[in-house]
Amino acid sequence: MKTELKIHAPDGLTRPFLIAGPCSAESETQVLTTARAIAEINKAIIFRAGIWKPRTRPNSFEGMGAPALDWMGKVKAETGLRTATEVANAHHAEECLKHGIDVLWIGARTTVNPFSVQEIADALKGCSVTVLVKNPVTPDLQLWLGALERVSRAGISRLAAVHRGFHPSGLIPFRNDPMWELVIELRTCVPDLPVICDPSHICGSTELIPYIAQKALDLDMHGLMIETHCLPSSALSDAKQQITPGRLKRLLGTLVYRSSKPPDAAGMDELEQLREAIDKTDHSLMQLLLNRMLIAERIGNYKKENGMTILQAERWNNLLRDRTDNASLMGLNGEFIRAVFQLIHRESVRRQADAMHVQSEELTC
Ligand code: PEP
Ligand code: MN
């Protein structure tokens, strides 16, 4: 998956960086009280607060709008924290630029809409603002990348992605499904792109926030965005998932910050040796796989010469059961080995079908 993003890590952000603040800016007092308490912890560098709120149903609190921009200015002047808010259209983006908001984020409901993202990108053309792009509500990596690319093409290079989870398809203990594999894929596609985790919107309640925050750090994500409110029980949006500044401080004290690099040269040597051992093992595995495929081809030729079908369902079922049973005895995960052998078998059938000059699709569909 090729992408053309030009990235500069957001200015002066040492990892892991923290963005904290309420879901919504509700009043000048709420904004300033929360910001002062967050600034006192001395860990956050960006203060967030939603000014225009995308709500699922009308008649919910839809944000205080433009007057709240001045409150953000006061936060910055008084605490030195940089300010961040959500923009969903060109008007929001222009208002934020006029009021010196440092960081704009594109919300999950906006990332799904290329027209809206383009409109925002056009409004930001040539500006030096930092833009965060939240993942789309649906688990679609292309949409997420597309939104990042639209912003990047407008000349914004201070870019980061925010992982806030995806609309769940089944019963899970979270408001949004983390689907970590998608974030790993994003990071593989764009290794230079900072990715910030938003445990608040993943969890939807406060209890599991430490678990998700720790997991994000363990996956070497670049920062955290945590909804923090001076009085969560009275919050006008997302009341169940916001924590107090005091709780934020305790959470930051319990998180374990691991390094992605070994501590010293000796550790480096040990890691290098282990990696060499992994590389060797992988090459042996691939040689074994090739041997297996060559045997499968010989079986294919035998079947062809003797007028036999490629698939003998009973043999395949017995093989799969044997490998899965053995996996457990050997200390391997049975489900994992089942999946591996299903893949191997698919490739064997394809090779046997080639040997018989038959399209494998016709046989396996
Ligand atoms: C928010 O950050 O308050 C918000 C609305 O986020 P999301 O777009 O992730 O739902
Ligand atoms: Mn929120």
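Rule-based calculations on the coordinates, nothing more; no lab input. In this text, all values refer to a predicted model and were calculated from it rather than measured experimentally. Cβ sites come from the backbone with ideal geometry, for glycine too, and all protein chains shown count toward neighbours.
For the chain, the alpha carbon convex hull comes to 189 Å³ per residue, rounded to a whole number. For the range 240-284, trypsin sites (Lys or Arg not before Pro) meeting the loop criterion (DSSP other than H, G, I, E, B) and having at most 16 other Cβ atoms within 10 Å: ARG258. Taking θ as phi - 60° and the Karplus parameters 6.51, -1.76 and 1.60, the scalar couplings of the range 75-82 work out to 4, 5, 5, 7, 9, x, 6, 6 Hz in sequence order, x denoting glycine and proline. In terms of its C-alpha gyration tensor, the range 265-364 has a prolate overall shape, because the principal axis ratio a/c (a ≥ b ≥ c, square roots of the eigenvalues) is not below 1.5 and a/b outweighs b/c.
Each peptide in 219-232, 74-87 gets a packing score, the mean of other Cβ atoms within 10 Å over its residues, and the list from highest to lowest is 219-232, 74-87. Cross-link pairs exceeding 28 Å between alpha carbons, from the set LYS6/LYS261; LYS2/LYS98; LYS76/LYS261; LYS98/LYS215: LYS2/LYS98; LYS76/LYS261; LYS98/LYS215. Phi angles of the range 135-145 translate, via the Karplus equation with coefficients 6.51, -1.76, 1.60 and θ = phi - 60°, into HN-Hα couplings of 5, x, 4, 8, x, 10, 4, 4, 5, 4, 4 Hz per residue; Gly and Pro are given as x.
Projecting the Cα positions of ALA296, MET308, LEU319 onto the charge dipole of the range 265-364 (unit charges on Cβ atoms of Lys, Arg, Asp and Glu, taken about the Cα centre) puts MET308 furthest along the positive direction. Highest GNM mean-square fluctuation, the chain, Cα pairs closer than 10 Å: which of LEU252, LEU290, LEU148? Result for the chain, Cα springs under 10 Å: LEU290 fluctuates most. Put the Cα centre of the range 220-268 next to the Cα centre of the range 171-204 and the gap is 15 Å.
Can you give the FRET efficiency for LYS6 and ARG250, using 1/(1 + (r/R0)^6), R0 = 30 Å, r = Cβ-Cβ distance, to the nearest 0.05? Once rounded, the FRET efficiency stands at 0.15. Note on LYS43: aspartates and glutamates with a C-alpha under 17 Å away, same-chain residues under 8 apart excluded, are ASP11, GLU78, ASP198, GLU227.
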